[in-house]
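Working notes, structure below.
The values are calculated or read from the model by the stated rules, or taken from the named source; none is laboratory data. Keep in mind the model is a prediction, meaning the values are calculated, not measured. Quick reminder, even Gly has a Cβ in these numbers, built from the backbone with ideal geometry, and neighbours come from all protein chains shown. In case anyone asks, the SASA skips ligands and DNA or RNA and just uses the protein heavy atoms, side chains included. Shrake-Rupley method; radii C 1.70, N 1.55, O 1.52, S 1.80 Å.
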Amino acid sequence: MPQPIYILGVSAFYHDSAACLVADGEIVAAAQEERFTRIKHDHNFPVNAARYCLREAGITADDLTHVGFYDKPLLKFDRLLETYLDYAPLGFRSFLKSMPLWIREKLWMPDLIRTEMGKASGESDERKAKKAGKKFPWKLLFGDHHESHAASAFYPSPFQEAAILTIDGVGEWATSSMGVGRGNDITLLKELRFPDSLGLLYSAFTYYTGFRVNSGEYKVMGLAPYGEPKYVALIKDKLAEVRDDGSIRMNHEFFSYSQGLRMTNTAFDRIFGGRPRRAESNITQREMDLARSIQVITEEVMLKMVHHVHRETGMKRLCMAGGVSLNCVANGRILREGPFKDIWIQPAAGDAGGAVGIALAVWHRYLGNARVSAENAGTWKSRADVNSFDHPQDVGGTLPPYEDGMKGSYLGPRHTVEEIETFLRENNLPYKKYSREELPGVIAELLASEKIIGLHQGRMEFGPRALGGRSIIGDARSPAMQSVMNLKIKYRESFRPFAPSVMREHVSEWFDLDGDSPYMLLVADVLSAHRRKMTAEEEKLFGIEKLNVARSDVPAVTHVDYSARIQTVRRETNPLYWEILDAFRRRTGCPLIVNTSFNVRGEPIVCTPEDSYRCFMRTEMDYLVLENFLLDKKDQPALIEKQDWRKKFRLD
Ligand SMILES: [Fe+2]
């Protein structure tokens, strides 16, 4: 058999660097650099992630035919220069700050990438690497930032043809684009350009409410249901004109991201009555109202964009990517209220996903290969892995098939039972080993007695969400679970909601959703049958005071507005995780559990058994599952660390 065509996609130098390896059009591995370096949102060239991708396929950099970079550095430089000239002499400080790096590195990207690839293939000496870089047989290609997002949205989707919408802060110039994908072809039709940007508008409020830009946007979304949309009219009147086609025109008198290092300015402070909230200071009703207001506007703009792309393309299905597509509250509304029959969102919707996009774009568009699924459309397919007759009768019957190119996003490193056993033995760590058959029942039993478990099994997830590979899990029925998990496990803000993993077969019995949400990117309401009526006293509570009121049969995953950010789990995609859920359902009647990422605040999600053990010992988790091994916290020797780990992670 001829050697497959191996393409490495790379995204780097902004935030969330990542690498992705595609072999003959199939995604074989993808990972973010932060998981290896343990620096959250690491933006450096993903040497470790690239090295892992090559190792996963058992190849070296010499076996690659193409390396694709997810955006065009020269165009970005052009934007920086032009924006500076527009605003000169304002912003001279930020210009000076970014220029040396551009001049030193980014403009010399091809050389730099070759040098870094030399390191990824094991060349530790930089000189040697450079030399090696010159003889690499692969071709280096650059994609357009939004084309990379669009490719990451469409090519791995289950759709043969679909409309495409990408929304982020900014790429080279585009801040949002729309187009259409058919077979192996993508055509982008329109774009919205910098400095008008829905992503940057949201980030401005992330900054103003005291959270970190490019990281805290999730918190703003989580805070929104506690607030009132008091500032919607003011925002529309002063900051951003929202048009019917979803385009927005921003009033740059109030923002300083074009010319400075801050997102908002004193004019912004004046109309919202004060300076931005200081990070880690108390969150007040004002921040909640601001969060709610910007969330309401974002949902409105996204719905308008979606209607516009529907009118322009006439497609029945929609694919989305770009950081703003991680706004799962808006996504849920697009699915329920929008004109599209179905939507699919790239799980690594932020810039990490650009690595997937560019690799697939090289395979399909540059090399002209058909999509595998397109070739197979309408043919008989093996049901070997999904045969519902093998499932217990009461699980819920046959499901409609679901298949996309992301493989459940389980695209990262896996650690074998042998590797883990060696790690445990070498460190003299007490454990119990269970057979694969026993394991789901053992874990379900612990969950049912309100134990909190770190679950490390199978391949690590690609993208910001943990999906049962590197997750902390708990009983969603427990009224204490949300605050215990926030304060004693994750060491993060108490208002933050948790999300459920639910058996796909049973999702519609609990939530207003009857479809797949494999990547936790859709929010839907808990059905009224599972809600609990609040007492007259509880009804009177305002904002964050409502936090400790149990609002449903599964309070740990029910947000104040009865919504939940849902991950549906199928047996064929993650068998062990599904079996844990099923075993829990058999014991309790509840087919869902709490799933949060396996990390503490400010830390990247764990990758290796060492990372998982360390995180387990630093927090008040009760048990740790490392594949077939169960570790009880009570049996473990004390963890001795030279440095206080809390000082190690920069709070996000
Ligand atoms: Fe982006």
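Say we look at the range 170-189 and pick out the residues that are open to solvent by less than 20 Å² (accessible area, probe 1.4 Å) and within 18 Å of residue 76 (Cα to Cα); which of these is nearest to the ligand (Cβ to nearest atom)?
Taking the candidates together, the pick is 171.
Condition first: surrounded by fewer than 24 Cβ atoms within 10 Å (Cβ to Cβ), more than 24 Å from residue 216 (Cα to Cα) and either within 16 Å of the ligand (Cβ to nearest atom) or aliphatic (A, V, I, L, M) (or both). Now tell me which residues in the range 318-342 satisfy that.
335, the sole residue that qualifies.
So which residues in the range 139-162 are in contact with a helix residue (DSSP H, G or I) (Cβ under 8 Å, 6 or more places away or on another chain), away from the ligand (no atom under 12 Å from the Cβ) and open to solvent by 10 Å² or more (accessible area, probe 1.4 Å)?
Selection gives 140, 141, 142, 155, 158, 160.
Surrounded by fewer than 19 Cβ atoms within 10 Å (Cβ to Cβ) and among the β-branched types (Val, Ile, Thr), is that true of residue 266?
In short, yes.
Do we have residue 151 as among the aliphatic types (A, V, I, L, M) and farther than 22 Å from residue 298 by Cα here? Talk me through it step by step, then tell me what you get.
Working: among the aliphatic types (A, V, I, L, M): yes; farther than 22 Å from residue 298 by Cα: yes.
Answer is yes for this residue.
May I ask you to say which residue of 234, 192, 165 is within 15 Å of the ligand (Cβ to nearest atom), open to solvent by 20 Å² or more (accessible area, probe 1.4 Å) and either at pLDDT 90 or above or in contact with a His (Cβ under 9 Å, 6 or more places away or on another chain) (or both)?
Numbers: 234 fails: within 15 Å of the ligand (Cβ to nearest atom); 165 fails: open to solvent by 20 Å² or more (accessible area, probe 1.4 Å).
Just one listed residue meets the conditions, 192.
Which residues, taken from the range 116-147, are assigned to a helix (DSSP H, G or I) and modelled with pLDDT of 80 or more?
116, 117, 145, 146, 147
Looking at (1) charged (D, E, K, R); (2) under 18 Å from residue 366 (Cα atoms); (3) surrounded by 18 or more Cβ atoms within 10 Å (Cβ to Cβ); (4) away from the ligand (no atom under 15 Å from the Cβ), which one does residue 72 not meet, given that it meets all the others?
Of everything listed in (1) charged (D, E, K, R); (2) under 18 Å from residue 366 (Cα atoms); (3) surrounded by 18 or more Cβ atoms within 10 Å (Cβ to Cβ); (4) away from the ligand (no atom under 15 Å from the Cβ), residue 72 misses just condition (4).
May I ask you to list the residues in the range 520-554 that are open to solvent by 10 Å² or more (accessible area, probe 1.4 Å) and at pLDDT 85 or above?
522, 523, 525, 527, 528, 529, 530, 531, 532, 553
Mind checking which pairs have a first residue in the range 304-317 that is open to solvent by less than 60 Å² (accessible area, probe 1.4 Å) and a second that is assigned to a helix (DSSP H, G or I), Cβ under 7 Å, 6 or more apart or different chains?
Taking only residues 6 or more apart or on different chains, the pairs are 306/334.
Looking at residue 203, is it in contact with a Ser or Thr (Cβ under 7 Å, 6 or more places away or on another chain) and either within 12 Å of the ligand (Cβ to nearest atom) or open to solvent by less than 20 Å² (accessible area, probe 1.4 Å) (or both)? Walk me through it before giving the result.
Working: in contact with a Ser or Thr (Cβ under 7 Å, 6 or more places away or on another chain): no; either within 12 Å of the ligand (Cβ to nearest atom) or open to solvent by less than 20 Å² (accessible area, probe 1.4 Å) (or both): yes.
In short, no.
So which residues in the range 460-486 are among the hydrophobic types (A, V, I, L, M, F, W, C), open to solvent by less than 10 Å² (accessible area, probe 1.4 Å) and part of a helix (DSSP H, G or I)?
Going residue by residue through the range 460-486, those that are among the hydrophobic types (A, V, I, L, M, F, W, C) are 460, 462, 466-467, 472-473, 476, 480-481, 484-485.
Applying the additional criterion that residues be open to solvent by less than 10 Å² (accessible area, probe 1.4 Å) yields 460, 462, 466-467, 472-473, 476, 481, 485.
The answer is 481, 485.
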